[in-house]
Amino acid sequence: MQLSKYNYTVEHAGKYYIFNALSGACACFTEGEHRVLQENRCTEEMMAQLLELGMIVPDDTDETARYLALVEEENKQSTKRFYRILSTTACNARCFYCYENGVAVQSMSDKTARDVADFIADNQGQAKHLLLQFFGGEPLCNTRAIDLISERLTERGLPFEATMTSNGFLINDALARRAKEKWHVHKVQITLDGTKEVYEAVKMHDTPNAFERVIKNIHSLTAVGIRVSIRLNYSEKTKSDIQKLVAFLSEEYKGDENIRVYAHRLFDDDANAGTDEEIYDCLKRHGFLSKRDLDFPELVLNPCMARRRDSLVILPNGDLAKCTRGLNLPNGVIGSIYGAKALSDTWGQLNPDCISCKHLPLCGGGCKCEEFMKQSFCTLSEK
């Protein structure tokens with residue numbers, strides 16, 4: 001028998017806690033029990049318990065193969081189809097960090113919108129669930145395409161659920177109702193980069209009081225029952241302001257069960273586990289962490305939509321891709337709704353460094369787009 005490669009050990013107040021990432025089990029050991037475990041002197045009873053928990057495994061066990069088999073089964077058993085649809089690549093904001101800088105500005109035509117809906121319906125097959133994400137640019141810069149796609153899918157008798165990623169600036173009460181009733185949107189992600197001064201400097205909207213307007217528009221969404229995930233993009237420079245924003249949001253949306261707030265470091269910012277912990281603690285203090293956030297980490301099988309076989313990005317001209325961040329890469333476009341070009345499978349492969357990494361069950365592999373761009377694609381902090 002040997003200790004699992006996926007064990008994490010934390011010492012606290014004279015006790016040793018071992019969490020196994022593959023099984024999800026956690027156990028507490030006294031100092032003596034932990035010493036016995038490390039020296040491989042376990043009793044048969046203790047060994048049987050640890051084997052059941054996945055904290056020890058037979059010597060010939062390939063734990064990585066076990067994990068990869070679970071990933072393969074997840075792909076085979078998927079009962080859904082997921083499409084991220086770019087109604088336009090145009091945007092009414094000018095964020096300096098936008099990864100679509102340099103992408104040609106184009107908006108989906110009426111004909112393409114209907115063809116997109118037909119492509120989706122024709123490829124649903126035996127999948128039971130259809131999930132759409134309306135994306136951009138700013139998707140609300142071309143609501144007509146969203147209307148036409150939604151109408152066409154309804155005409156073809158294909159039920160669907162939708163989410164949207166938006167900057168929130170163009171939302172109002174009437175549009176919120178339209179999104180809920182016609183587009184079947186149940187969740188919208190809106191990014192805030194800081195309090196008013198920081199936010200407006202980043203977004204560079206031409207209209208004054210953009211921050212107040214978006215805050216009001218979020219209320220419009222939750223009023224009709226649409227959940228809003230407020231994503232806080234932070235960096236080392238903005239970490240203090242982000243914590244002020246968290247405090248503001250906790251008062252502004254107090255008692256609103258349709259609000260979720262989470263934080264994400266900007267991709268090009270230098271990682272600092274201390275800052276990540278500060279932001280996490282701030283969210284916790286203000287009640288923005290769910291039970292899932294506070295619980296033990298869950299097994300992660302396919303976190304990157306680009307690697308999933310049931311997921312595609314549809315561009316405004318009908319081209320197909322796997323990742324919106326990689327549109328300018330040589331393998332960024334993998335086909336078209338109009339063509340017979342075989343879809344590339346290079347996005348589905350795990351990096352060898354990820355396969356051998358201890359964190360694989362909690363991470364699922366790094367960002368495939370970052371890997372193709374030859375940047376750092378490991379985002380998990382063990383701390």
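Per-peptide packing, taken as the mean over residues of other Cβ atoms within 10 Å, places 281-289, 29-37, 299-307, 96-104 in the sequence 299-307, 281-289, 29-37, 96-104 from highest down. Roughly what percent of Cα-Cα pairs across region 1-109 reach past 25 Å? Summing the P(r) of region 1-109 above 25 Å gives 51 percent of all pairs.
Of the cross-linked pairs 284/358; 203/244; 203/239, those separated by over 23 Å at the C-alpha level are 284/358. Out of every Cα-Cα pair that region 206-249 contains, those further apart than 13 angstrom amount to 65 percent. A crude spin-label estimate for the pair residue 254 and residue 31, with each label 7 Å from Cα along the Cβ direction, gives 4.6 nm.
Using a probe of 1.4 Å, the accessible surface attributed to residue 154 totals some 90 Å² when neighbouring protein chains are kept in position. Along region 323-335 the Karplus relation, 6.51 cos²θ - 1.76 cosθ + 1.60 evaluated at θ = phi - 60°, assigns HN-Hα couplings of 8, 6, 6, x, 5, 8, 6, x, 9, x, 9, 10, x Hz to successive residues, with x for each Gly and Pro.
What does the C-alpha gyration tensor say about the overall shape of region 199-304? Classify as rounded when a/c is under 1.5, otherwise prolate if a/b is larger than b/c, or oblate. It would help to have the intermediate numbers written out before the result.
Details: a/c = 1.67, a/b = 1.18, b/c = 1.41.
Oblate, because a/c is 1.5 or more while a/b does not exceed b/c.
Ignoring ligands, DNA and RNA, please state the percent of accessible area on the chain from carbon and sulfur, probe 1.4 Å. C and S atoms contribute 50 percent here. Summary of the geometry: region 46-87 and region 145-217, compared by the centres of their Cα atoms, lie 36 Å apart. Once every Cα of region 103-254 carries one equal point scatterer and solvent is ignored, give the base-10 log of I(q)/I(0) from the Debye formula at q = 0.16, 0.18, 0.19, 0.20 Å⁻¹, two decimals. Listed by q, the Debye log ratios stand at -0.92, -1.08, -1.16, -1.23. Relative to the Cα centre, the charge distribution of region 2-117, modelled as +1 at Lys and Arg Cβ and -1 at Asp and Glu Cβ, gives a dipole magnitude of about 960 debye. The accessible area of residue 46, taken with all protein chains in place and a 1.4 Å probe, comes to roughly 40 Å². The label point for residue 61 and the one for residue 49, both projected 7 Å from the Cα toward the Cβ, are 1.7 nm apart. Note on residue 212: accessible area approximately 80 square angstrom, rounded to 10, probe 1.4 Å, nucleic acids and ligands left out. Between residue 10 and residue 273, full extension at 0.36 nm per residue minus the direct alpha carbon distance yields a gain of 93.0 nm. Close amide H contacts of residue 234 (hydrogens built in the peptide plane, cut-off under 5 Å, sequence separation of 5 or more or a different chain): 264, 265, 266.
Taking the C-alpha atoms only, the angle from helix 210-223 to the longest principal axis of the chain is near 80 degrees. Thinking of region 177-239 as a set of Cα atoms, what percent of all their pairs are more than 19 Å apart? When every Cα pair of region 177-239 is considered, 39 percent fall beyond 19 Å. With one equal scatterer per alpha carbon and no solvent term, the Debye-computed log10 I(q)/I(0) for region 75-176 at 0.15, 0.16 1/Å reads -0.66, -0.74.
Taking a threshold of 28 Å on the Cα-Cα distance, which of the pairs 187/291; 5/76; 76/322; 128/216; 196/368 fall above it? The pairs that break the limit, which is 28 Å between Cα atoms, are 128/216; 196/368.
The values are calculated or read from the model by the stated rules, or taken from the named source; none is laboratory data. Just so it is clear, the structure is predicted and the values come from calculations on it, not from any experiment. Reconstructed Cβ throughout: ideal geometry from the backbone, glycine too, with neighbour counts over all protein chains shown. Side chains included, ligands, DNA and RNA excluded: accessible areas come from the protein's heavy atoms. Shrake-Rupley method; radii C 1.70, N 1.55, O 1.52, S 1.80 Å.
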